[in-house]
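Comments concern the structure below.
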């Protein structure tokens, strides 16, 4: 079962631009694109961009392309490309036509570079990377022209062809756009558009030893695909003049327009691919899909729903202002979706044994999986002489306001009898290891006569309960912005309690649950059977997706 809620789109400045463009006939339909580099797994920031670009295409009956920016072969892999496609589909979107790749356009990109050279707008430069940085200048000081800037068109054509033919070592030469070394925008100070790089490419193999730079490739790829609205995050705002300069100076009929929105900064996470890879390589997490990771695959494995993530993206909106969002907003969206779709079952995570002294045999009672959704069906709740309850549901001496079990007190067992605690059995260290209790046989499905029982707790019959590995996940970091201070290693703020693994017990109705089956463990939170390690009918592994309510603010102070 999945959520069927489809909230109305939230207006934003990009929608306003599209509405105006369509109204004045600038476009008959819109074409957007999602252009990730296949150099890592997608994270929550990419989820926002996916929902924006694919969502706009859906809402305006246009199209959205998936295009891989595969111009940096040393860091890219087919594993990453496949995971990206799976993430997009899982979020509920489908790209138009075939997957596009920047490498589809390598021949055209080379020809366009030749066109720039012929127009006197590009030149081959022999400066080293260090020398180029020195010549580039600073934010307050203009750059200087390279001594190779005035090479003739013929010389540049020859050198560029020889670069392509592999005659020069990596880094020996670059092709640069000839723009303005005195520009106030450093991105316009003769940026490199091709470099020599001998690296095996995931699609073209060893066919090329020169590769185009992103800023050059991106705008041309947009134009060749007929993109109408090229939407990216604000760090590319200063790159927009270069985007326009390249297209203005090439013989391409289509000239897309670039629009920027603020990137997502989600508290208690990081979204730098480099730092996420560091966590993976240093084995501080189990992999890219570790449920503590802010990757889409990690969130999915933890039990987040695609509908919940889409709703989160809708709520945070799209703007040019800062988009710093508390984790509670994400968890709230997930919690609301799970509330509507997750069956209720019983699990005991920290078991305390209970012996019912006035009961023999077994009893059963039918209970719905969800009180508001009878279509989810029902299951049998078993009762027996030996039970387990949550240890936290018992106190020898009841504190003020206590509504659970205490010595000499009564409590309602969920879907079952009223139970009284008559004795607490302790071990040699003085810890309570067993409760001896009695039930009121007249209270199965009924209130007791002559007295009021205030509390309800859950339980499992030992005879029918199944062992399960319970993984209690929490936030990966202890501070909202773990990488804000560049002088402090972000790993300093890793939460030592981000994962606690405990042996617990679950009711027998979940025995054959498939991986990625979501439940509400009553009174404990929302959980999901692990998509990797859970084995239906065998080893049962459940990940805590989110608690029933936000308790982080209270708990964070004790870390």
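So which residues in the range 140-164 are farther than 19 Å from residue 116 by Cβ and within 45 Å of the chain's Cα centre (by Cα), if there are any at all? It would help to see each step written out before you state the result.
Here is the first cut: in the range 140-164, the residues farther than 19 Å from residue 116 by Cβ are 140-144, 147.
Of everything in the range 140-164, those that are farther than 19 Å from residue 116 by Cβ and within 45 Å of the chain's Cα centre (by Cα) turn out to be 140, 141, 142, 143, 144.
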Counting only residues that are modelled with pLDDT under 95 and over 21 Å from residue 33 (Cα atoms), the range 231-265 contains a total of 1
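Okay, residues lined up against (1) more than 26 Å from residue 280 (Cβ to Cβ); (2) modelled with pLDDT of 95 or more; (3) touching a helix residue (DSSP H, G or I) at 6+ places or on another chain (Cβ under 7 Å):
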{"site": "305", "(1), (2), (3)": "no, yes, yes"}
{"site": "323", "(1), (2), (3)": "no, no, yes"}
{"site": "334", "(1), (2), (3)": "no, yes, yes"}
{"site": "342", "(1), (2), (3)": "yes, yes, no"}
{"site": "355", "(1), (2), (3)": "yes, yes, no"}
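Is it true that residue 139 is over 20 Å from residue 210 (Cα atoms) and at pLDDT below 95? Full working, then the answer.
On the way: over 20 Å from residue 210 (Cα atoms): yes; at pLDDT below 95: yes.
Yes, satisfied.
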Against the definition (outside the structural domain of residue 306 (by TED's automatic domain parsing) and either part of a helix (DSSP H, G or I) or at negative phi (or both)), how does residue 158 come out, yes or no? yes
Working carefully through the options 53, 72, 65, find the one that is in contact (Cβ under 8 Å) with a residue 40 or more places away in the chain, surrounded by fewer than 21 Cβ atoms within 10 Å (Cβ to Cβ) and in contact with a strand residue (DSSP E or B) (Cβ under 8 Å, 6 or more places away or on another chain). 72
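Table: residues versus (1) outside any helix (DSSP H, G or I); (2) buried (at least 23 other Cβ atoms within 10 Å of the Cβ).
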{"position": "258", "(1), (2)": "yes, no"}
{"position": "268", "(1), (2)": "yes, yes"}
{"position": "276", "(1), (2)": "no, no"}
{"position": "284", "(1), (2)": "yes, no"}
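Yes or no, residue by residue, for (1) outside any helix (DSSP H, G or I); (2) at pLDDT below 95; (3) within 30 Å of residue 515 (Cβ to Cβ):
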| site | (1), (2), (3) |
| --- | --- |
| 436 | yes, no, no |
| 453 | yes, yes, no |
| 469 | yes, no, yes |
| 486 | yes, yes, no |
| 491 | no, no, no |
Inter-residue pairs, beta-carbon under 7 Å, first at positive phi and in the range 82-106, second part of a helix (DSSP H, G or I) and at pLDDT below 95, 6+ apart: none
Considering only residues that are touching a residue at least 60 places away in the same chain (Cβ under 8 Å) and in a helix (DSSP H, G or I), look in the range 111-124 and name the one that is nearest to residue 199 (Cα to Cα). 113
Report every pair of residues separated by at least 6 positions or lying on different chains whose Cβ atoms are under 7 Å apart, first residue within the range 294-318 and closer than 13 Å to residue 334 by Cα and assigned by TED's automatic domain parsing to the domain that holds residue 341, second part of a loop (DSSP other than H, G, I, E, B) and at pLDDT 95 or above. 302/291; 306/91; 306/92; 309/91; 310/91; 310/92
Regarding the range 4-23, can at least one residue be identified that is outside the structural domain of residue 296 (by TED's automatic domain parsing), assigned to a loop (DSSP other than H, G, I, E, B) and at pLDDT 95 or above? no
Answer from 525, 537 - the residue that is farther than 19 Å from residue 369 by Cα, in the same structural domain as residue 294 (by TED's automatic domain parsing) and without any contact (Cβ under 8 Å) to a residue 60 or more places away in the chain: 537
If you check every pair at least six apart or on different chains, which have Cβ atoms under 9 Å apart with a residue in the range 125-140 that is over 23 Å from residue 163 (Cβ atoms) first and a residue that is part of a helix (DSSP H, G or I) and modelled with pLDDT of 95 or more second? 137/186; 138/186; 139/186
Test each condition in (1) without any contact (Cβ under 8 Å) to a residue 24 or more places away in the chain; (2) surrounded by fewer than 18 Cβ atoms within 10 Å (Cβ to Cβ); (3) under 24 Å from the mean Cα position of the chain (by Cα) for residue 428 and report the one that comes out false. (3)
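So which residues in the range 183-201 are over 20 Å from residue 218 (Cα atoms) and surrounded by 13 or more Cβ atoms within 10 Å (Cβ to Cβ), if there are any at all? Before you say what the answer is, go through the steps one by one.
Taking the range 183-201 first, the residues over 20 Å from residue 218 (Cα atoms) are 183-184, 198-200.
Residues satisfying the conditions are 183, 198, 199.
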Keeping to the range 333-352, report how many residues are out of contact with any strand residue (DSSP E or B) (no Cβ under 9 Å at 6 or more places or on another chain) and either touching a residue at least 60 places away in the same chain (Cβ under 8 Å) or surrounded by fewer than 20 Cβ atoms within 10 Å (Cβ to Cβ) (or both). 3
For residues that are surrounded by 23 or more Cβ atoms within 10 Å (Cβ to Cβ) and without any contact (Cβ under 8 Å) to a residue 60 or more places away in the chain, tally how many sit in the range 214-241. 1
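Considering the range 495-509 alone, what residues qualify as being outside any loop (DSSP other than H, G, I, E, B) and buried (at least 23 other Cβ atoms within 10 Å of the Cβ)? Write out each step before concluding.
Looking only at the range 495-509, we keep the residues that are outside any loop (DSSP other than H, G, I, E, B), and these are 499-506, 508-509.
Listed by number, the residues that qualify are 504, 506.
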Quick one: how many residues across the range 396-423 are outside any loop (DSSP other than H, G, I, E, B) and over 19 Å from residue 384 (Cα atoms)? 1
Note on residue 172: of the conditions (1) out of contact with any strand residue (DSSP E or B) (no Cβ under 8 Å at 6 or more places or on another chain); (2) surrounded by fewer than 19 Cβ atoms within 10 Å (Cβ to Cβ); (3) part of a loop (DSSP other than H, G, I, E, B), unmet is (1)
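The values are calculated or read from the model by the stated rules, or taken from the named source; none is laboratory data. Since we're looking at a predicted model, the values are computed, not measured. Note that we place each Cβ from the backbone using ideal geometry, even for glycine, and neighbour counts take in every protein chain shown.
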